[in-house]
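Each reported figure results from applying straightforward, stated rules to the coordinates on display, with no laboratory input. Quick caveat, the model's predicted, so the values are computed rather than measured. Neighbour counts are summed over all protein chains in view; Cβ atoms, including those assigned to glycine, are modelled from backbone coordinates with ideal geometry.
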Amino acid sequence: MEVSEKKPFRELCNEHGIAVTHQRQVLYEVMKSMHGHPSPEEVYARVKKRIPAISLATVYKNIHLFVESGIFREVSVHHGSLRVEMNHRPHHHLVCSECKAIRDIDERELHLQPKQTRLSDGFLVERYSIDVIGLCPQCQAMQSVQ
């Protein structure tokens, strides 16, 4: 499910069956302002500036709620900690095997064949998520220095 960039938070919550709270609204606004694939700890550091009394556990719980309801998507769980997808355009990921940085790559750059919606064994495809694993330019530079 794709989130409209312009829908008000209250409307999104109503569509996804989530109760509107001040903490959730601040969390959502902070996450929408972040680029890349923030971890809960990175989100927490920013939210704490606006709500000093918020706990890391509350941030985790609400991020999971946003992911489970479809407001946000989780990036591949194969790379360690939870990372949240902020880009709703069709894309895939470049993952650095050294520093674990995750960067988006437009799906057109991979020159993939058109997506199938059902595989030969009957598996129903919801979306494709491809991770290209390698070394980012910064880690390559660090290795050449050593």
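Remarks
- About its Cα centre, the dipole of the chain is roughly 520 debye, where the only charges are +1 on Lys and Arg Cβ and -1 on Asp and Glu Cβ.
- For the stretch 89-145, the relative contact order works out to 43 percent when only alpha carbon pairs closer than 8 Å and six or more residues apart are counted.
- q = 0.13, 0.19 Å⁻¹, the stretch 18-146: log10 I(q)/I(0) [Debye, one scatterer per Cα]: -0.67, -1.11
- The convex hull built on the alpha-carbon positions of the stretch 89-145 has an orientation-averaged projected area of 5.1 nm².
- Debye intensity ratio in log₁₀ form over the Cα atoms of the stretch 9-79, taken at each q of 0.14, 0.15, 0.25 Å⁻¹: -0.40, -0.46, -1.26
- Calculated FRET value between Asn87 and Tyr60, using beta carbons and R₀ = 22 Å, to 0.05: 0.55
- Whole-number D in µm²/s for the stretch 47-107 (Stokes-Einstein; Kirkwood sum over Cα pairs; 20 °C, 1.002 mPa s): 162
- Among the lysines of the stretch 18-146, pairs at least eight places apart or on separate chains and with Cα atoms under 25 Å apart come to 8.
- Projected label points at Arg50 and Met34, each 7 Å from Cα along the beta carbon direction, are separated by 1.2 nanometres.
- Paramagnetic label zone (point 7 Å from Cα along Cα-to-C-beta, His16; backbone N under 11 Å) in the stretch 42-66: 62-66
- Length-normalised contact order of the chain in % [C-alpha pairs under 8 Å, at least 6 apart]: 20
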